[in-house]
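Notes to accompany the following structure.
The values are calculated or read from the model by the stated rules, or taken from the named source; none is laboratory data. Model, not experiment: these values are computed from the prediction. We work out accessible area using only protein heavy atoms, side chains counted, and drop any ligands, DNA or RNA first. Shrake-Rupley method; radii C 1.70, N 1.55, O 1.52, S 1.80 Å.
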Amino acid sequence: MAAATGEYTDANGKSRRVAVSIGPEHGTVGPQQVKEAAKEAVRGVGFDVLVVCGFAFDPHVAEEAKRYGKLTVLPAKMNPDLAMGDELLKKTGAGNLFMVFGEPDVEIEKQKNGQIIAESKGVDVYDPTTGQIRSASTDDIACWFIDTDYNGESFFVRHAYFTGADEPYDKLKRALRADINEEAWQSLYSTVSRPFDKPRSGKIAVKVINHFGDEMLKVFDV
């Protein structure tokens, strides 16, 4: 499952070995690919880091990536521009072609009446040079969505919220040139969700999108 190997030097000057697994061109990287690639990466001398690259990821990949002890598994989302070929890619620039998959930093709070509130605090991203989790504030988040009754297969947007520094969606309000209910608008511009009922499935899913269009999803049992 390893498509490539390499090395990098961490913050302490120590050389680390990296294995790379690349997902399908037309399809989703699932937990089974991560499992098989991780098994191969720990054989023999073994690798320190496994990077799993894909255009799209199954939500359960994040949970699978945590199961391999000393082997750090990093899902890395590939920009769709990479599928266009060299000639077109040169015109788009090289920025943000790969994004190490972060994990939404979300706090779930249960109310006395049984309802649930979710609060988005930012995004946690693993920094391979230091081995530490780097936290980004909600200023780096363009919007976040909640599926308040996640079925484990498809993400259905039931709550939508917009965040970010300097209220970037003021321009959208002006562009609409419509009489917008200010109270309703402020309820959408929030890092704290409106209360919602406990899901029948026992799960909720939170999807966070940054200003580059990168998506991160996390599933919670509630």
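Remind me, relative contact order of region 1-73 in percent, using alpha carbon pairs under 8 angstrom and six or more residues apart? Numbers along the way, then the final one.
Working: 125 pairs, mean separation 23.6, N = 73.
Rounded, it is 32 percent for region 1-73.
Counting heavy atoms of the protein chains alone, Ile117 has an accessible area of about 30 Å² for a 1.4 Å probe.
The average projected area of region 18-72, computed from the convex hull of its Cα atoms over all directions, is 3.4 nm². Protein-only accessible surface at a 1.4 angstrom probe places the residues Tyr150, Tyr68 in the order Tyr68, Tyr150, largest first.
Taking the solvent-accessible surface of protein heavy atoms with a 1.4 Å probe, what is the per residue accessible area of region 1-54 in Å²? Please list the in-between numbers first.
Numbers: 3020 Å² over 54 residues.
On a per-residue basis, 56 Å².
At 1.4 Å probe size, put Glu119, Glu109, Glu7 in order of accessible surface, largest to smallest. Before the final figure, lay out the partial values.
Details: Glu119 60, Glu109 95, Glu7 135 Å².
Solvent-accessible surface, decreasing: Glu7, Glu109, Glu119.
Show Arg158, Arg200, Arg17, Arg43 ordered by accessible area, largest first, where the area counts protein heavy atoms only and the probe is 1.4 Å. Mind dumping the intermediate values first?
Values: Arg158 105, Arg200 220, Arg17 85, Arg43 155 Å².
Of Arg158, Arg200, Arg17, Arg43, the descending order of accessible area is Arg200, Arg43, Arg158, Arg17.
For Val157, the solvent-accessible surface computed with a 1.4 Å probe is close to 70 Å², ligands and nucleic acids excluded.
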